[in-house]
1. Would you check if W94 is aromatic (F, W, Y), open to solvent by less than 30 Å² (accessible area, probe 1.4 Å) and in a helix (DSSP H, G or I)?
2. Among the numbered conditions (1) outside any helix (DSSP H, G or I); (2) open to solvent by 20 Å² or more (accessible area, probe 1.4 Å), tell me where T80 comes up short.
3. Of all residues in region 91-132, how many are among the small types (G, A, S) and free of Cβ contacts under 8 Å to residues at least 60 places away in the same chain?
4. Identify the residue in region 38-64 that is in a loop (DSSP other than H, G, I, E, B) and among the aliphatic types (A, V, I, L, M) and, among all such residues, is modelled with the highest pLDDT.
5. Please give the number of the condition K15 fails out of (1) in contact (Cβ under 8 Å) with a residue 60 or more places away in the chain; (2) under 26 Å from T100 (Cβ atoms).
6. Could you go through region 132-149 and let me know if any residue there is among the basic types (K, R) and modelled with pLDDT of 85 or more.
7. With the structure loaded, tell me whether I68 is among the aliphatic types (A, V, I, L, M), exposed (fewer than 15 other Cβ atoms within 10 Å of the Cβ) and at pLDDT 95 or above or whether it fails that test.
8. Do we find that Y120 is farther than 14 Å from F96 by Cβ, part of a helix (DSSP H, G or I) and in contact with a Phe, Trp or Tyr (Cβ under 9 Å, 6 or more places away or on another chain) in this structure?
Amino acid sequence: MKLLSQNKTIQFLKKNLFIGLIIFASTLLEIYWSVGKFSASISSGCLDCSFFQDAFFMSLITAIFLTIVFLILSFIKNMTLKSIIELIFLILVWFFWNYTIFVDRESSWSTYRFKEELYYTLSISFLPISLLSIITVVVFKFILKNKEHIKQLN
């Protein structure tokens, strides 16, 4: 009995670690795709911080946060509703990071208004966020479906 509970714990941890790694990688990719053109710009908040450092820590924070959120959402049985909520969370978090980087590395050195910052961030983020968020959620569903299928075979 103890071995069975340890096995379930290990499977649970492996699944969530894998989900976290997917979120980390997709967030890093999304940031570079959307706002990577500001990588040569100096950060107004930290003059010594590199773009890679910012993107790395944003991806790490996102991976931890969204893994916890997606773990909480795992209690939702309606897969369509669950997928929509996951997409909304991914889109909002990624848009927030893109906006933050744009303001930090471009807008703060210029005279953008808030509305202009939002429009510009939306214009550079729409395609990367749309494609990568859908791909990420589909990968989650594929992984979970295959793991459940493998469990049924055993």
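1. In short, yes.
2. So T80 meets the others, but not (1).
3. 4
4. A40
5. Result: K15 passes all but (2).
6. no
7. In short, no.
8. Yes.
The values are calculated or read from the model by the stated rules, or taken from the named source; none is laboratory data. If you're wondering where the values come from, they're calculated on a predicted model, not measured in any experiment. Please note: Cβ atoms are built from the backbone with ideal geometry, for glycine as well, and neighbour counts cover all protein chains shown. Surface accessibility is based on the protein's heavy atoms, side chains included, excluding ligands, DNA and RNA. Shrake-Rupley method; radii C 1.70, N 1.55, O 1.52, S 1.80 Å.
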